[in-house]
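The values are calculated or read from the model by the stated rules, or taken from the named source; none is laboratory data. What you see is a predicted model, and the numbers here were worked out from it, not measured in a lab. Each accessible area value is taken on the protein alone, full model and side chains, heavy atoms only, with ligands, DNA and RNA left out. Shrake-Rupley method; radii C 1.70, N 1.55, O 1.52, S 1.80 Å.
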Amino acid sequence: ESGICPRKGLAEDNLAEVRTQFLHGQLADPSTVTFGEYAVKWLERQRHLRPSTHRMYGYELSYAIKHLGNIKLRDIKRAHIVNLLDTLGSQVMVSGLGKDKLMSTRTLGMVRGRLRTVFAEAVQDEIVRSDPVASIKTIKRRYSATDEETGGIALDFPEANRLRDIGALLSECGVCRLWPAVFTAMTIGLRRGEVMALRWKDVDVERGQISVRHTLSFNAGKLELHPLKTAKSNRKIPIPKSLHNVLVAHRAAMQREAGERDATIFADTPVFATELGTYTHPDNLSRTLASIIDWSNPAPIQRRKERKGDPEVIVPLEKRLLAVRVSDQARDRLAQLIRAGAAVPLISPHDLRHTAGTLMLRRRMPIEVVSRILGHASISITMNVYRHVSESEKRITLVDLFGDEDAEPI
């Protein structure tokens, strides 16, 4: 049986089943408590968490419950945890952006972190004597230049430039309203919720500075603005010139769209607002990014199904271009640009953040500065996430003191 649930919903169903079993009875003698029972109890205690965070914790725990749920908590040793992470890390995901790829090191790290917290509390509850996860410091995996790092996938400079060119032209043609939000995430590495939470009073275009203060999430059927979790997450970021130009043009477009508006009210307006001036659902950022990536592909693409059961439709570029309501001249420019390159790899908004951090380091920005811009709690997190960048840079800059002066690194 696969070590990974085929769908996120199924993983959550597994967790719900264990939770139901727990709620229908009391925990027995501590010596008989299973990992599944205790994990559910621990999750029930986390009432202080935001609903979205609570769901994510449950999702991460569901992987462990699938493998360790029936084992007595006291019987779980370090080897069980190592085998679990090795199993998860060696199997292929079957859905989502990670489809047909190994589970990312970042997800493995989150599963380990959740286990670490659960067992630490079990020690405090005197159910186990020691934490079997404590000595597992990192998730080891061979690093590659493009995939499965701790932080996610990072575009290289040509890919990032192509994404920028396609998105900017689509925006100019009036068919990519949220392109400025995508470019913001890719340029300064904001998290998805941070991008969509920005208000104009957070963006000082004249002084060239963005204040990151909140995150936007969708809970219980409504959008909610929340303060950031840590002091390091609250940060002020200088606006690069390329982003400054995009934001100035975007603000002018919004002002034309809104008409005459009171300056105080406009200051509270979301930077990437809907046409009604309200917050835009963060999922729309993901959809916009996916749409730009589709447009970057000159080959026929499989149109995403709107509803379950819809037939698969393969759409050639010519048909996609004809569906765009723009002038013939703009359509020709778009066609020429798309045909001039290859498709950008399928990435998520989080990968835009990872792209920003990676490219900053490749431009020789000090890692301390990159850490502050990304809002990491400590520089050690940045070092861990971007270890593959530093290793790559070592190979590029290393000088063979006793070799051929013009020789390339091995």
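Here are some notes:
- Between residue 235 and 212, the built amide H atoms are under 5 Å apart, and every one of these is 5 or more places off in sequence or on another chain.
- Within the full protein context, the accessible area of residue 379 is estimated at about 70 Å² for a probe radius of 1.4 Å.
- Flagged links, alpha-carbon separation over 23 Å, of 41/232; 201/229; 41/77: 41/232
- Accessible area (Å², per residue) of region 320-382, counting only protein heavy atoms and a probe of 1.4 Å: 51
- Derived scalar couplings between HN and Hα for region 334-350 equal 5, 4, 5, 5, 5, 6, 7, x, 9, 5, 6, x, 5, 9, 10, x, 5 Hz in order, rounded to whole Hz, by the Karplus curve 6.51 cos²θ - 1.76 cosθ + 1.60 (θ = phi - 60°), x for Gly and Pro.
- The residues of region 192-257 have, on average, 52 Å² of accessible surface per residue, using a 1.4 Å probe with all protein chains present.
- Only Cα pairs under 8 Å and 6+ residues apart enter the sum, and on that basis the relative contact order of region 183-280 stands at 30 percent.
- Here the accessible area of region 290-384 is 54 percent carbon and sulfur, with a 1.4 angstrom probe and all protein chains present.
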